[in-house]
1. Set the Förster distance to 25 Å, then compute FRET efficiency between Asp57 and Ala16 from the Cβ-Cβ distance, nearest 0.05.
2. Could you put Phe69, Phe59, Phe182 in order, starting from the residue whose Cβ has the fewest other Cβ atoms within 10 Å?
Amino acid sequence: MDPGGELPGRDEQLVAAIALADEAALAELYDRHAGAMLGVALRVLGSRSDAEDLVHDVFVEAWQKAADFDAKRGSVRSWLLMRVRSRGIDRLRSLQAARRRGLLAGADEEAARIAAPAVWDTPDRERARLALATLSEPQRMLVELAYFEGMTCSEMAVQCGIPIGTVKSRLSAAMGKLRESFGGGRSEA
């Protein structure tokens, strides 16, 4: 059973229906995953309105690209969450670049970081928290910098004051531990 209590494979059925322009399937997919997606978007962007806009945009993209989904590459949930994370990081970098160029007025940093309470309140949240707790502090910090801040290995090396090779080896070890915590995981080609 999946966290939503539905039959395994339900998400894949919904995506297949979305590819055939089934609006009810999109609504059900939204109900199943929007909370987790909003939690990731809030963590990346720090603004509830920006996070809500991003989740909307990712569902529009999912509507348009549902036929491209490949279950061999991962779950629907992972597909959606990775889209939110990558689009959020892209959006954050664009906003930062625009502010640096003076194209946008810099919002008060305190106000920009006020976010609503996390809405990702599913069994996966606890599994993720427990999995992250198995990592050493340096590994956990790098995973958080990579995932939530969107930093590259080079940026993390500068931020943490360690060689880039150390960043890469710690991240690799951390990912191995996380895969193990989540039951192995499949290799992706």
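Throughout, read-outs are computed from the coordinates displayed, never taken from laboratory work. Keep in mind that this is a model prediction, so the values were computed, not measured. We place every Cβ from the backbone using ideal geometry, glycine too, and count neighbours over all the protein chains shown.
1. Here the calculated transfer efficiency is 0.70.
2. Working: Phe69 18, Phe59 21, Phe182 12.
With the sparsest Cβ surroundings first, the list reads Phe182, Phe69, Phe59.
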